[in-house]
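Visitor: Here it is, the structure in full.
The values are calculated or read from the model by the stated rules, or taken from the named source; none is laboratory data. As the structure is a computational prediction, the values presented were derived from the model and not from experiment. Counting neighbours? That spans all protein chains shown, and the Cβs are built from the backbone with ideal geometry, glycine included. Surface accessibility is based on the protein's heavy atoms, side chains included, excluding ligands, DNA and RNA. Shrake-Rupley method; radii C 1.70, N 1.55, O 1.52, S 1.80 Å.
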Amino acid sequence: MTGAARNTRVLLAERPLNRRVRESDFKIETAAVPEPREGEVLLKTLWLSLDPYMRGRMSPARSYAKPVEIGEVMTGETVSEVVVSRSPALEPGDVVLARAGWQEYAALPAAEAERIDPQGMPLSYFLGVLGMPGQTAYCALLGVGQPKPGETVLISAASGAVGQVAGQIAKLRGCRVIGTAGAADKVAYVKDVLGFDHCIDYKGKDAEALGAELAALAPKGIDIYFDNVGGAVHDAAMANLALHGRVIIVGAIAIYDRLETPDTGIRWNRQLLVKRARMEGFLVWDWRHQTQEFRRDVSQWLREGKIRYKQDVAEGIAAAPRAFIGMLAGENRGKQLVRVAAQAG
Ligand code: NAP
Ligand code: FER
């Protein structure tokens, strides 16, 4: 059925402990294409999503999900095409969202693959603006942050997969939006293309300097901090909270290379008290009940041209390790993807 096709895949070879990820932490190998069993489908990967949470899965520390084992295929969401179906639920040629991992082919239970009806949208969007990162932006901002018109919203990693969407939704809700990003061209994109009111280049600045910049841009304080990064930007935001401020802990990428050491820093309890503020952790997998509503709203905003979305595409499965390491270091310009194969169709 697949002729002489082989399955190139990326395995975890070594755990990066308290250090940056290196290409040698991965092993690229070529194996036989798997045979689907009864109830399964053989999927060919079209698009692979590279997301910061995968750094956590390389660590041995148990969190909300179990780590990837050494010698196992790296985990990851894909847009895939059904090549062989041994289930009545899917047919060859169907395009699905699945957790096929960092590989060219995977055999999975049909029940674990969700058929996509693209309705004119690019398939890759289902891993970004219409997928997990977009839903993170939508549910964390609207569900937890509950923005009101005129409020000031701060968004870190503003030009990334999640940040781009969060900031544009906050603008649609009538908020003043400030971003932070780590390069001059990212700052320009956030302001000029995405329409944020301000964007701060945080690189090389400590919490005090960032805090002073924020105080000047938001003299009445920050009502909502959409925290994608932790670190110095977090400290600067906490020092500038408005009365009844909300801090949404969505990510902490500034410490993902230090997951094995305790995260210590300034204690903000008194600031939360004085500002009667709230800080709440967010995990997108808790919000599945809102997936349909999120996709409907964001699809409409895309069609109306109210939301723009930039993607950064690496070519071929073997490029995944380098692209992943680059994304963690801020080299990506928009949502990081790997184009693994073209659609047969
Ligand atoms: P992304 O923003 O597209 O890419 C990661 C970005 O993080 C880099 O481009 C870089 O941008 C920034 N970064 C790297 N090191 C940093 C540091 N030391 N300090 C500040 N920024 C740094 O990634 P994403 O997919 O949108 O994810 C953004 C955050 O959301 C991540 O923390 C991720 O873990 C989190 N997330 C959480 C959930 C959830 O359910 N809780 C779901 C999805 C994503 P700069 O050039 O601007 O530094
Ligand atoms: C992410 C970062 C962290 C994410 C989930 C987590 C779904 C969860 C971390 C943990 O349980 O330690 O981007 O995305």
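Visitor: Based on Cα coordinates alone, diagonalise the gyration tensor for the chain, multiply each eigenvalue by 5, take square roots, and list the semi-axes in whole Å, largest first.
Guide: So the three semi-axes of the chain are 37, 22, 17 Å.
Visitor: Given the options ALA323, GLY120, ALA236, identify the residue whose Cα lies farthest towards the positive end of the charge dipole of the chain (+1 on Cβ of Lys, Arg; -1 on Cβ of Asp, Glu).
Guide: ALA236
Visitor: Let me cross-check MET279: its accessible surface, 1.4 Å probe, with only protein heavy atoms counted, in Å² to the nearest 10?
Guide: In the full protein context, MET279 sits at about 80 Å².
Visitor: Within region 1-37, report the GluC sites (Glu not before Pro) that DSSP leaves as loop and that have at most 15 other Cβ atoms within 10 Å.
Guide: Here the sparse-neighbourhood loop sites are GLU14.
Visitor: When DSSP beta bridges are limited to those with both residues in the chain, what percentage is antiparallel, rounded to the nearest 5?
Guide: 55
Visitor: Need the C-alpha centroid separation for region 141-195 versus region 271-336, integer Å.
Guide: Taking the Cα centre of region 271-336 as reference, the centre of region 141-195 is 12 Å away.
Visitor: If you don't mind, another one. With a probe of 1.4 Å, find how much accessible area the chain has per residue, and write the answer as a whole number in Å².
Guide: Accessible area per residue: 45 Å².
Visitor: For region 145-269, what does the relative contact order come out to in percent, with C-alpha contacts under 8 Å and a separation of six or more?
Guide: 23
Visitor: Another question, then. What accessible area, in Å² to the nearest ten, does a 1.4 Å probe give for HIS289?
Guide: Ignoring ligands and nucleic acids, HIS289 comes out at about 140 Å².
Visitor: Provide the solvent-accessible area of LEU241, counting protein heavy atoms only and rolling a 1.4 Å probe, rounded to the nearest 10 Å².
Guide: 10
Visitor: Right, next: Return the calculated 222 nm mean residue ellipticity for the chain, to the nearest 500 deg cm²/dmol, obtained by summing -39500 (n - 2.57) across DSSP H runs with n ≥ 4 and dividing by the residue count.
Guide: My calculation for the chain gives -6000 deg cm²/dmol from helical runs alone.
Visitor: Also, I was wondering about something else. Only loop residues by DSSP count here, and only those with at most 11 other Cβ atoms within 10 Å; note down the GluC sites (Glu not before Pro) in region 73-149 that meet that.
Guide: Counting only loop positions with at most 11 other Cβ atoms within 10 Å, none of the GluC sites (Glu not before Pro) in region 73-149 qualifies.
Visitor: Expressed as a rounded percentage, what relative contact order does region 243-339 have, with Cα pairs under 8 Å and six or more residues apart?
Guide: In percent, rounded to a whole number, it is 25.
Visitor: A further question follows. Only Cα pairs within less than 10 Å get springs; with that Gaussian network setup on the chain, which residue of GLY163, GLY134, GLY56 has the largest fluctuation?
Guide: Per the Cα network of the chain with a 10 Å cutoff, GLY56 tops the list.
Visitor: Sticking with this one: Using the Cβ atoms and a cut-off under 9 Å, what net charge is assigned to the surroundings of ALA170, where Lys and Arg are +1 and Asp and Glu are -1?
Guide: +2
Visitor: Kindly provide the trypsin sites (Lys or Arg not before Pro) of region 290-345 that DSSP labels as loop, not H, G, I, E or B, and whose Cβ sees at most 14 other Cβ atoms within 10 Å.
Guide: LYS306
Visitor: Debye calculation, C-alpha points only, no solvent: report log10 I(q)/I(0) for region 143-270 at q = 0.14 Å⁻¹, in the same order as the q values.
Guide: Once normalised to I(0) and log-transformed, intensities are -0.54.
Visitor: Using the eigenvalues of the Cα gyration tensor, what equivalent ellipsoid semi-axes result for region 202-345 when each is taken as the square root of five times the eigenvalue, whole Å, largest first?
Guide: Gyration-tensor ellipsoid for region 202-345: 32, 21, 16 Å.
Visitor: Then there's this: Using a 1.4 Å probe over the heavy atoms of the protein chains, calculate the carbon and sulfur portion of the accessible area of the chain as a whole percent.
Guide: The C+S portion of the solvent-accessible surface of the chain is 51 percent.
Visitor: Further question on the same structure: In sequence order, what are the phi-derived ³J(HN,Hα) couplings for region 215-230 according to the Karplus relation 6.51 cos²θ - 1.76 cosθ + 1.60 with θ = phi - 60°, rounded to whole Hz, with x for glycine and proline?
Guide: Running phi through 6.51 cos²θ - 1.76 cosθ + 1.60 with θ = phi - 60° gives 4, 6, 7, 10, x, 8, x, 9, 7, 9, 10, 8, 8, 9, 10, x Hz.
Visitor: Please list, in order along region 270-284, the HN-Hα scalar couplings obtained from phi with the Karplus expression 6.51 cos²θ - 1.76 cosθ + 1.60 (θ = phi - 60°), rounded to whole Hz, x for Gly and Pro.
Guide: Result, ordered by residue: 5, 4, 4, 5, 4, 8, 6, 9, 10, 10, 9, x, 10, 9, 4 Hz.
Visitor: For ASP263, ASP185, write out the residues from largest to smallest accessible area, computed with a 1.4 angstrom probe and no ligands counted.
Guide: Ranking ASP263, ASP185 by accessible area, largest first, yields ASP263, ASP185.
Visitor: Sticking with this one: Pop out the ³J(HN,Hα) list for region 324-338 in order, Karplus 6.51 cos²θ - 1.76 cosθ + 1.60 with θ = phi - 60°, rounded to Hz; leave Gly and Pro as x.
Guide: Rounded to whole hertz, the list is 5, 4, x, 5, 5, 8, x, 6, 5, 10, x, 4, 7, 10, 10.
Visitor: Please report, to two decimal places, log10 I(q)/I(0) for region 42-138 at q = 0.15, 0.16, 0.22, 0.24 Å⁻¹ as given by the Debye formula with identical point scatterers on the Cα atoms and no solvent.
Guide: -0.63, -0.71, -1.15, -1.25
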